[in-house]
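Below you'll find the structure, written out as structure tokens, and then a few comments.
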Amino acid sequence: MQRHFVAELDALKADLIRMCSFAEDAIAESIRALLERRQESAEAVVKNDPRINDLEITIDHAVVDLLALQQPVATDLRFILAASKISNDLERIGDHAVNIAESAAQVAKLPALAPIVDIPRMAQITKGMLRDAIDGFIHSNPTLCRAVLLNDDIIDNLNKKVVGELVALIRRDPAVVDQALEYIRVSRNLERVADLATNIAEEVIFIAEAQVVKHHVERKGEPPA
Amino acid sequence: MEPHLARELEALRGTLRAMSELVDAQLDTAYRALFEGDAGLAAGVMAREKEVNAFDTSIDAEAQRLFAIAQPVAVDLRLLMSVLTVNHQLERIGDIAVNIAERAAVLAPHRELLRAARLGEMAEIARIMMRDALESFLRADPALATRVLESDDVVDRLDRNAFRLLVAEMRRSGELIEPASHVMILSRHLERLADHATNIAEVTVFLVNARVVKHQAGAIGAH
């Protein structure tokens, strides 16, 4: 393999890892803004979002260059195409962090609500899912990605629980409707982030299984699980 | 362009068109389930979701095959990349149709709330945006794509207004809290549908102008 190609592929991986850590930071910061009622944290998330958007464009360009100039085949080709899709998912995750930060900024202006303990828990699990999905992708580790799929069910259930509790809260005390709705939005945004992490994990598993099928001709025709 | 590759790309475009027709039919059924309160239709949307996913997988696989065997460059390369992006967006629109259908049953007794929140209007605009975006992509029509980009603000505004109205309804009546929260989610889904249409329109502009309009809202149409 050409040395130049290897270097470009490594640069692409580095950009994806960087993008992933920006996305993780954005989620952590937006949740901190929400819990600690910190307007500056919320503003920082909005201000930093262009870093994520710029990386998406950088990755898009790198992908086109790699495809055009290096004409990769097989595993490398699949990796590069998946990288393009994943950077698109990470960009959406950045947008969700901005949504959470916007809710945090609203919440900070309103009277405090009793803490919703499941929200920081959801954020914790979701960040872990994202990190595992990206690790699984970079290191071609489908086992790591399977754990992501299991966590997605946990997040779905937590989201339903949180929304149910908040709706009940509004019913008891209509005065808190504004805060409660912002928390509902946050919970939904976290649930969407978990969905996007799951998309990434599924992609990794799909790639790994396509290779397995390819390498075991007798299993051909069996759909991936 | 190599005549062989041209034929293959044309076939891929045809598959994409077939997929977009399926996704449009899914939205149509989901809308009817929701707005006509016919929850029975929702099951059909869920059942056909597999077909949408099958399209997604087969378009991805076909594009990958073309990358590998034809090693396209320049315009063909961009076109093939765009097909992948559009495919990805359509798959997500398919998910939105399912999400809409899933809420038809619980909202069947609350059609008045849907009307008050002007959800039908939003749904129609978002769907027209999606159709126009796909048409602009398939016919390489940047003027049509630009119109799609301009409509995105309208849907965003309707989403915000719906949110405000629904909060007011929740305050007014405890019984409306739960259905209103479902309508809020639907409003969000429609806003996302418009976003996906916008993404497709951006791809069209990119393909034609070979420049990135993403994340540069002010730059659209400016050369």
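FYI, it's all coordinate maths here, none of it is from the lab. Remember, it's a predicted structure, so these values are computed and weren't measured experimentally. Note: ideal-geometry Cβ built from the backbone for every residue, glycine included; neighbour counts use all protein chains shown.
Can you compute the FRET efficiency between residue B:6 and residue A:172 using 1/(1 + (r/R0)^6), with r the Cβ-Cβ distance and R0 = 60 Å? Round to the nearest 0.05.
Values: r = 65 Å, r/R0 = 1.09.
Using R0 = 60 Å, I get an efficiency of 0.35.
Between residue B:65 and residue B:156, take the C-beta separation as r, use R0 = 30 Å, and let me know the FRET efficiency to the nearest 0.05. Spell out each step's value before the answer.
Details: r = 39 Å, r/R0 = 1.29.
About 0.20, to the nearest 0.05.
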Taking Cα atoms only, helix B:119-139 is inclined relative to the longest principal axis of chain B by an angle, in degrees rounded to 10, of 0
Taking chain B and counting helices only, DSSP H stretches of n ≥ 4 at -39,500 (n - 2.57) each over all residues, the nearest-500 ellipticity at 222 nm comes to -29500 deg cm²/dmol
In terms of the charge dipole of the protein assembly as shown, which places +1 on Lys and Arg and -1 on Asp and Glu at the beta carbon, the residue among B:170, A:143, A:210 farthest towards the positive end is B:170
When A:161, A:109 are arranged by how many other beta-carbons sit within 10 Å of their Cβ, fewest first, they go A:109, A:161
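Checking the table A:47/A:85; A:127/A:160; A:13/A:160; A:160/B:50; A:13/A:109 against a 29 Å threshold on Cα-Cα, which pairs fail? Present the calculation step by step, with values, prior to reporting the outcome.
On the way: A:47/A:85 24 Å; A:127/A:160 19 Å; A:13/A:160 35 Å; A:160/B:50 25 Å; A:13/A:109 41 Å.
Table pairs above 29 Å Cα-Cα are A:13/A:160; A:13/A:109.
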Per the charge dipole of the protein assembly as shown (beta-carbon charges, Lys/Arg positive, Asp/Glu negative, Cα centre), the residue among B:105, A:163, B:146 reaching farthest to the positive end is A:163
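By how many nm would the segment from residue B:79 to residue B:121 lengthen if fully extended, with 0.36 nm per residue of separation less the alpha-carbon distance?
On the way: separation 42, 0.36 × 42 = 15.12 nm, distance 3.32 nm.
Stretched out fully, the residue B:79 to residue B:121 stretch lengthens by 11.8 nm.
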Helix A:177-215: inclination vs chain A longest Cα principal axis, degrees, rounded to 10, gives 10
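Residues with beta-carbon under 12 Å from that of residue A:157, excluding residue A:157: net charge, scoring Lys, Arg +1 and Asp, Glu -1? Working shown, then result.
Numbers: positive: A:121, A:160, A:161; negative: A:118, A:152, A:153, A:156, A:191.
After counting each charged neighbour, the total is -2.
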So the angle from the long Cα axis of helix A:142-172 to the longest Cα principal axis of chain A, reported in degrees to the nearest 10, equals 20
Here, chain B modelled as identical Cα point scatterers in vacuum has Debye log10 I(q)/I(0) at q = 0.07 Å⁻¹ of -0.25
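Given a cut-off of under 8 Å on Cα pairs at least six residues apart, what relative contact order in percent is computed for the stretch A:46-177?
Numbers: 50 pairs, mean separation 25.7, N = 132.
Here the relative contact order equals 19 percent.
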Residue by residue through the stretch A:52-58, the couplings from Karplus 6.51 cos²θ - 1.76 cosθ + 1.60 with θ = phi - 60°, in Hz, x for Gly and Pro, are 5, 4, 5, 5, 4, 5, 4
Taking a label point 7 Å from the Cα of residue B:13 along Cα-to-Cβ, the residues of the stretch B:73-92 whose backbone nitrogen sits under 12 Å from it are B:76, B:79-80, B:83
